[in-house]
Amino acid sequence: VGLVSGGLDSLLALRIIRDLGVEVTAYRFVTPFFGWDLADGAPEMVRRYRQELGVALVVEPVWPEYLEVVRAPRYGYGKHLNPCLDCKLFMLRKAGEAMRRLGAAFVFTGEVLGQRPMSQRRDTMNLLERESGLRGRLVRPLSAQLFPPSLPEQEGILSREALHSFSGRSRTNQMELAARLGIRDYPTPAGGCRLTEEVYARRLGDLLRDGGAPRLGRVELLGTGRHLRLSPAATLVVGRNEAENLRIGERAGPADILLETPEVPGPTSLLCGDPSPEDIHLAARVTARYADAHGPVAVLVKGAGPGATRLLEGVIPLEGEACHGLLI
Ligand code: SF4
């Protein structure tokens with residue numbers, strides 16, 4: 001069972017194992033924080049893995065389960081809200097479950113010793129093997145020769161000579177191996193985890209402080225538009241262009257309020273939480289601020305239930321500085 005991330009290292013690991021004649025099932029776990037564009041099961045990618053690599057790929061959304069990893073990581077966070085050690089442990093445990101379910105012999109990853117400061121040190125890599133319940137059954141083909149022989153090597157399933165001894169941050173070894181294996185199109189390394197982004201992490205942190213389990217649609221909007229905290233009970237998401245306005249409208253929950261400026265071009269805004277009448281008024285003023293107009297505008301407030309939709313006339317846009325002060 002191979003854990004793949006979409007990056008070069010896991011692809012190389014997969015090629016090494018597959019080229020040894022081992023039947024591989026690759027797993028890609030996705031969450032709204034990474035790989036979520038594949039949450040529909042990625043049939044096109046599954047087809048390419050089967051046709052081009054002869055490998056079965058399983059794309060598995062791990063939401064909302066994964067949220068708990070982010071909310072309370074045992075080993076803490078990296079620079080922002082990225083709980084890398086706990087995240088890897090979570091993935092390895094999932095892969096271990098798949099291994100047992102499939103009757104597979106081992107799990108492998110594209111990890112390289114010393115490549116990342118925290119999660120790929122020797123002690124943390126050993127910890128991951130121990131804590132994941134995969135002792136002896138976790139293989140890192142790119143660095144395997146720098147670790148004691150794994151059980152699949154001892155059992156003769158894998159030839160140690162065919163595995164590698166890459167270490168450190170340099171990518172030269174990986175590039176050379178990719179060239180030798182004829183791999184030309186590969187994504188840039190380590191891209192794509194939004195938990196490592198400062199603004200995104202701040203917004204997520206703000207959302208999680210509200211307690212409870214956030215709605216998926218709300219989480220999916222964390223990377224969209226401007227986010228403003230209007231009061232302890234209310235946040236506002238404001239679209240910056242047509243695509244964002246559409247996305248915001250599609251992800252509104254049944255209890256959310258949508259605001260628009262029907263008489264002039266302007267944003268779609270989503271008011272979430274438990275807003276007071278003052279919050280709704282402030283949301284209307286923020287929406288007016290980002291509309292394409294000078295001076296007061298009409299703002300349509302669309303709430304749930306009868307009588308909850310109304311047009312507010314002559315809303316005075318909130319001043320730029322006040323608006324800026326509310327940004328998350
Ligand atoms: S960067 Fe993101 S996806 Fe990668 S290990 Fe850290 S938390 Fe997990």
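Let me confirm something: among LEU89, LEU67, which residue is within 14 Å of the ligand (Cβ to nearest atom), in contact with a helix residue (DSSP H, G or I) (Cβ under 6 Å, 6 or more places away or on another chain), hydrophobic (A, V, I, L, M, F, W, C) and at pLDDT 95 or above? So that I can check it myself, show each step before the final result.
Values: LEU67 fails: in contact with a helix residue (DSSP H, G or I) (Cβ under 6 Å, 6 or more places away or on another chain).
Being within 14 Å of the ligand (Cβ to nearest atom), in contact with a helix residue (DSSP H, G or I) (Cβ under 6 Å, 6 or more places away or on another chain), hydrophobic (A, V, I, L, M, F, W, C) and at pLDDT 95 or above holds for just one of LEU89, LEU67, which is LEU89.
Go through GLU161, GLU155, GLU198 for me and flag whichever is closer than 23 Å to SER119 by Cα, open to solvent by 40 Å² or more (accessible area, probe 1.4 Å) and of a type outside the set (A, V, I, L, M, F, W, C). Full working, then the answer.
Working: GLU161 fails: closer than 23 Å to SER119 by Cα; GLU155 fails: closer than 23 Å to SER119 by Cα.
Just a single option satisfies the conditions, and that option is GLU198.
So which of VAL70, VAL62, VAL55, VAL30 is out of contact with any strand residue (DSSP E or B) (no Cβ under 6 Å at 6 or more places or on another chain) and open to solvent by less than 50 Å² (accessible area, probe 1.4 Å)? Steps first, please.
On the way: VAL62 fails: out of contact with any strand residue (DSSP E or B) (no Cβ under 6 Å at 6 or more places or on another chain); VAL55 fails: out of contact with any strand residue (DSSP E or B) (no Cβ under 6 Å at 6 or more places or on another chain); VAL30 fails: out of contact with any strand residue (DSSP E or B) (no Cβ under 6 Å at 6 or more places or on another chain).
Answer to the selection: VAL70.
On the basis of being within 24 Å of GLY6 (Cα to Cα) and within 16 Å of the ligand (Cβ to nearest atom), does SER167 make the cut? Break it down into steps so the answer makes sense when it comes.
Values: within 24 Å of GLY6 (Cα to Cα): yes; within 16 Å of the ligand (Cβ to nearest atom): no.
Answer is no for this residue.
What is the residue count in the range 9-27 for residues that are within 16 Å of the ligand (Cβ to nearest atom) and either surrounded by fewer than 21 Cβ atoms within 10 Å (Cβ to Cβ) or of a type in the set (Phe, Trp, Tyr) (or both)?
Residues flagged as within 16 Å of the ligand (Cβ to nearest atom) and either surrounded by fewer than 21 Cβ atoms within 10 Å (Cβ to Cβ) or of a type in the set (Phe, Trp, Tyr) (or both) within the range 9-27 amount to 1.
Any idea which of (1) away from the ligand (no atom under 16 Å from the Cβ); (2) in a loop (DSSP other than H, G, I, E, B); (3) in contact (Cβ under 8 Å) with a residue 12 or more places away in the chain is the one LEU57 doesn't satisfy?
Every condition holds for LEU57 apart from (2).
Would you mind stating whether TYR77 is among the aromatic types (Phe, Trp, Tyr) and more than 12 Å from the ligand (Cβ to nearest atom)?
Details: among the aromatic types (Phe, Trp, Tyr): yes; more than 12 Å from the ligand (Cβ to nearest atom): no.
No: the conditions fail for TYR77.
Name the single residue, out of those in the range 95-126 being open to solvent by 30 Å² or more (accessible area, probe 1.4 Å) and part of a helix (DSSP H, G or I), that is farthest from ARG71 (Cα to Cα).
Of all residues in the range 95-126, those open to solvent by 30 Å² or more (accessible area, probe 1.4 Å) come to 97, 100-105, 114, 116-118, 121-123, 126.
Going one step further and asking which of them are part of a helix (DSSP H, G or I), we end up with 97, 100-102, 122-123, 126.
Working: GLU97: 23, ARG100: 28, ARG101: 28, LEU102: 31, ARG122: 26, ASP123: 24, ASN126: 24 Å.
Among those residues, the one meeting the criterion is LEU102.
The values are calculated or read from the model by the stated rules, or taken from the named source; none is laboratory data. Values in this document were obtained by computation on a predicted structure and should not be read as measured data. Backbone-built Cβ (ideal geometry, glycine too); neighbour counts: all protein chains shown. Each accessible area value is taken on the protein alone, full model and side chains, heavy atoms only, with ligands, DNA and RNA left out. Shrake-Rupley method; radii C 1.70, N 1.55, O 1.52, S 1.80 Å.
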